[in-house]
Amino acid sequence: MLSEKQASDVLSKSLPDHKIEDVVRYKDIYLFRVAHPDPEERDFDPFLSVNVNTGEFKDFNIMLDGDMDKIAELFLKK
C-alpha cells in the first residue's frame, strides 16, 4: 500500500511540470488536484489519481469516475 508521499512521487515523476495543489484519499486512490503548466490548459480537468494498491497513475474525471459531492467535501475538509 502506497503512502501519500509515495503516490505524490509517482505523480511528480509522471508529470514533473505539473504542480500538486492538493491531495485527498478517496476510496482506493489518492486524488490529486494539480495546476497545468500550460496556460491554455489551466481550465481543463485538474484531477489525477494514483491507485493506493497498485501505484497506477491516470486521469480522473470527478463527474464520471466518482461521487462529485463526496469528493468536493473531502477537498473542503482539507
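Miscellaneous remarks
- Residues in the stretch 24-38 that are over 11 Å from the mean Cα position of the chain (by Cα) and at pLDDT 95 or above were compared, and the one that is nearest to Met1 (Cα to Cα) is Asp28.
- Residue in the stretch 7-20 that is in a strand (DSSP E or B), of a type in the set (Lys, Arg), modelled with pLDDT of 90 or more and within 18 Å of Lys78 (Cβ to Cβ) present: yes
- Residue match in the stretch 40-48 (condition: among the acidic types (Asp, Glu), outside any loop (DSSP other than H, G, I, E, B) and touching a Pro at 6+ places or on another chain (Cβ under 9 Å)): no
- In the set (1) in a loop (DSSP other than H, G, I, E, B); (2) touching a residue at least 24 places away in the same chain (Cβ under 8 Å); (3) not acidic (Asp, Glu), the condition left unmet by Pro37 is number (2).
- The residue that is nearest to the chain's Cα centre (by Cα), counting only those in the stretch 55-76 that are in a loop (DSSP other than H, G, I, E, B) and under 21 Å from Pro16 (Cβ atoms), is Phe60.
- Just one residue in the set Glu21, Glu41 is surrounded by 11 or more Cβ atoms within 10 Å (Cβ to Cβ) and more than 12 Å from the chain's Cα centre (by Cα); that residue is Glu41.
- Complete set of residues in the stretch 1-18 that are surrounded by 12 or more Cβ atoms within 10 Å (Cβ to Cβ) and polar (S, T, N, Q): Gln6, Ser8, Ser12, Ser14
- Any hit, the stretch 28-35, residues being basic (Lys, Arg) and loosely packed, with under 12 Cβ neighbours inside 10 Å: no
- Selection from the stretch 43-78 of residues that are farther than 14 Å from Val10 by Cα and among the charged types (D, E, K, R): Asp43, Asp45, Asp65, Asp67, Asp69, Lys70, Glu73, Lys77, Lys78
- Residue match in the stretch 55-70 (condition: farther than 25 Å from Met1 by Cβ and either in contact (Cβ under 8 Å) with a residue 12 or more places away in the chain or among the basic types (Lys, Arg) (or both)): no
The values are calculated or read from the model by the stated rules, or taken from the named source; none is laboratory data. Everything quoted here is computed from the prediction, not taken from an experiment. Heads up, the Cβs are rebuilt from the backbone with ideal geometry, glycines too, and the neighbour counts pull from every protein chain shown.
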